[in-house]
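Engineer: Mind looking over this structure? Questions follow.
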Amino acid sequence: MTRQLPALSLAAVPGRRRATLELAREIETRGYPGIYCPSLGDGLSLCAALAMVTERVRFGTSIQPIYTRHAQDFAQAASFIHEASDGRFDFGIGVSHAPAMDRLGVATGKPLGDIRRFVADLRAVPRAGELPRLVLATLRTRMIRLAAEIAGGMVFANGARSHMKASLSVLDPTSRSDDAFFIGNMIPTVVCDDVEAAKARNRRTLASYAMLPNYRAYWKEAGYVEEMAAVEAAMASKQFDRIPACLSDRWLADTTLFGSASAVREGIEAWYDAGIKTPIIVPSSASGGQFDAFAEFFAIWD
């Protein structure tokens, strides 16, 4: 049985924030190498708290949308967390998704240009202090190349394992082999002996992503044209409840982990073999909430 533990994704929601910090301490005690926080529930604030309540584990924002604050504010916050944690913080940034930004009334430009400009602005903020390692949210090749050019790593979310070799092939050999260059992927994971229930939970998790045009373009590139065409047909007819059924078992096995403890452990190893240096497990439960999901995931190593 492998003991190469992955990193974990952790979010804090109202009413459970203190309990989430206790969970972070348990993650550290159990020896997991990283905790990465999505934008849900303000991941940057959670990282500030992690700097205070943990001592050894590395942590960061998996994806912090760049449009929600001014670069000067981000620079001050990121530098503070970096310094307070003795350099354990990674600042993962991305452009999020157009529908999410539209709901906030945020005007966006071209993703590559916006990220390049943001990183330059961040580094130009005076008297902010030393900045942490920057990690870019990536899916397709142009952002991957940009990550190698201007950042210290990259992170996928819901990447396709079979397509990872092609994606990583555009990286220069130095970045691929450099231990300091972060290569991560957020992987929805359900540990449950009822495989159909586990698959259904992951389908529900990813159905909303399948509605996003950038994800559909990526998954088509990865070889899932038929599945994404079915999603688009369901959306066009406003039959949104059909979308999970459009996501095939083949696609699900390529983008998520599910099933028994041994199946999930073997799947994690497969992600390492695919070139992901830091798999980031996003635990869900087939029958419970976030804390149940973590308990189920911890148990696979017992």
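Engineer: According to a simple spin-label model (label point 7 Å from Cα along Cα-to-Cβ), what is the distance in nm between ALA107 and HIS70?
Structural biologist: Distance between the two pseudo-spin positions: 1.8 nm.
Engineer: From the phi of every residue in the range 45-51, what ³J(HN,Hα) in whole Hz does the Karplus formula 6.51 cos²θ - 1.76 cosθ + 1.60 yield, where θ is phi - 60° and glycine or proline is x?
Structural biologist: Couplings: 5, 4, 5, 4, 5, 4, 4 Hz.
Engineer: Right, here's the next one. Please list, ordered by chain and number, the residues whose modelled amide H lies under 5 Å from the amide H of ASN185; skip anything fewer than 5 residues away on the same chain.
Structural biologist: PHE156, THR278, ILE280
Engineer: Quick one: which residues, 5+ away or cross-chain, put their amide H under 5 Å from the amide H of PHE258? H built at 1.01 Å from N.
Structural biologist: The answer is VAL190.
Engineer: Which whole number in µm²/s is D for the range 164-302 by Stokes-Einstein, with the Kirkwood Rh taken over Cα pairs at 37 °C and 0.692 mPa s? Each step should come with its number before you reach the end.
Structural biologist: Values: Rh = 16.1 Å.
Taking Rh from Cα pairs, D becomes 204 µm²/s.
Engineer: How much of the DSSP beta bridge set in the chain is antiparallel, as a percent to the nearest 5?
Structural biologist: On the way: 0 of 34 bridges.
Beta bridges within the chain, antiparallel portion: roughly 0 percent.
Engineer: Cut-off 18 Å, label point 7 angstrom out along Cα-to-Cβ of TYR272: give me the residues of the range 38-73 whose amide nitrogen falls inside.
Structural biologist: 58
Engineer: Per DSSP H run of at least 4 residues, take -39500 (n - 2.57); add these up for the chain, divide by its residues and hand me the 222 nm value, nearest 500 deg cm²/dmol. List each step's numbers first, then the result.
Structural biologist: Details: 15 runs with 148 residues, N = 302.
Calculated at 222 nm, the ellipticity per residue is -14500 deg cm²/dmol.
Engineer: Which value results for Rg/Rh of the chain when Rg is the Cα radius of gyration and Rh the Kirkwood radius based on the inverse mean 1/r?
Structural biologist: Ratio of gyration radius to Kirkwood radius: 0.94.
Engineer: If you don't mind, another one. Can you run phi through the Karplus equation (6.51, -1.76, 1.60; θ = phi - 60°) for the range 132-142 and list ³J(HN,Hα) in whole Hz, with x for Gly and Pro?
Structural biologist: x, 4, 9, 10, 9, 6, 10, 9, 10, 5, 5
Engineer: Can you give the accessible area of LEU21, probe radius 1.4 Å, in Å² rounded to 10?
Structural biologist: Using a 1.4 Å probe on the heavy atoms, I get roughly 40 Å².
Engineer: For a quick protection proxy, order the peptides 64-70, 4-10 by their average other-Cβ count within 10 Å, most packed first.
Structural biologist: 4-10, 64-70
Engineer: Can you list the HN-Hα couplings for the range 187-192, worked out from phi with the Karplus curve (6.51, -1.76, 1.60; θ = phi - 60°), rounded to whole Hz and with x for Gly and Pro?
Structural biologist: My calculation for the range 187-192 gives 10, x, 9, 10, 9, 6 Hz in order.
The values are calculated or read from the model by the stated rules, or taken from the named source; none is laboratory data. Just so it is clear, the model here is predicted, and its values are computed rather than measured. Every residue, glycine among them, receives a Cβ derived from its backbone with ideal geometry; neighbour counts consider all protein chains shown. To get the accessible areas, we keep the full protein, side chains included, count just its heavy atoms, and leave off ligands, DNA and RNA. Shrake-Rupley method; radii C 1.70, N 1.55, O 1.52, S 1.80 Å.
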